[in-house]
Amino acid sequence: MAEPLALWHADHVVFARLLDLFETQIVAFHAGERPNYELMTDIVDYLQQYGDRFHHPREEAAFNCLVERDPAMRLPVNRLLQEHRVIARAGEEVLGLLREIADDVMTERAAVEAAADTYLVYYRHHLSTEEAKVMPRAKERLTVEDWAAAGEAVHDIHDPLAGVDFDGRYRELRKFIALHPSRKREA
């Protein structure tokens, strides 16, 4: 069944684009320039609100079905599940540091850079692994019933960045994305 995989991939493309935008701000920060902290905060907040709360639980339901159908996938899936936890914690750390900066709290530059780099490395590796190793296997092995079960794992999924009724707190992020075309990078 291609539709759930297409949605999964579409999310990954958006996530990769947001990580690219985040990285441009970290590069500016590293160079001693003043990055757009509001944009950085919005990116991480969105990735937590949508990615960690809706996208990852839906994936985890599909992962469970995949392991049942293909026990050889247990180790790669367990690694991905651990990465979900690491990504969530790294996101919390980055978001906390960005909020400190917004509140004019003295924040160590090296701590911000290290937290941001950890977040970027783990998230990008995670997306790449899912795209290259898990999604092709899921396409081969999962049934219509498996995909339905994965889809039902999380109810009321609404991407707060998408559609005409998007969440207003991401207005600036949407505007920034529209003004800065993608570098044609896929997840």
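None of the figures in this text is laboratory data; all of them are computed from the coordinates on show. Treat the numbers as computed from the prediction; the structure is a model and nothing was measured. Glycine also receives a Cβ, built like all others from the backbone with ideal geometry; neighbour counts cover every protein chain displayed.
Quick notes on this one:
- Once the chain from A114 to S128 is taken as fully extended at 0.36 nm per residue, the excess over their C-alpha distance is 2.9 nm.
- Across region 5-21, coupling constants 3J(HN,Hα) worked out from phi with the 6.51/-1.76/1.60 Karplus curve, θ = phi - 60°, read 5, 5, 5, 4, 5, 4, 4, 4, 4, 5, 4, 4, 5, 5, 5, 4, 4 Hz, and Gly and Pro carry x.
- The C-alpha atoms of the chain define a longest principal axis, and helix 37-46 lies at about 20 degrees to it.
- Using the rule -39500 (n - 2.57) for each DSSP H run of four or more residues, divided by the residues of the chain, the 222 nm mean residue ellipticity is -22500 deg cm²/dmol.
- The modelled label-to-label distance between L81 and A153, using points 7 Å beyond Cα along the C-beta direction, is 1.0 nm.
- Taking 7 Å steps out from each Cα toward its Cβ at L5 and D52 produces label points 3.0 nm apart.
- Rounded tilt (10° steps) of 74-102 against the dominant C-alpha axis of the chain: 20
- Angle of helix 56-69 to the longest C-alpha principal axis of the chain, folded into 0 to 90 degrees and rounded to 10: 30°.
- Volume of the convex hull of region 2-155 (Cα atoms only), normalised per residue: 98 Å³.
- Förster radius 25 Å - calculated FRET efficiency between V13 and R137, Cβ distance, rounded to 0.05: 0.80
- Estimated FRET transfer efficiency (E172, E33; beta-carbon r; R0 25 Å; 0.05): 0.85
- Working note: Karplus 6.51/-1.76/1.60 with θ = phi - 60° gives region 31-36 the couplings 7, x, 7, 9, x, 8 Hz, where Gly and Pro are set to x.
- Close amide H pairs (under 5 Å, H built 1.01 Å from N) link N36 with no residue at least 5 positions away or on another chain.
- Oblate is the label for region 90-155, because a/c, from the alpha-carbon gyration tensor with a ≥ b ≥ c as root eigenvalues, is 1.5 or above and a/b does not exceed b/c.
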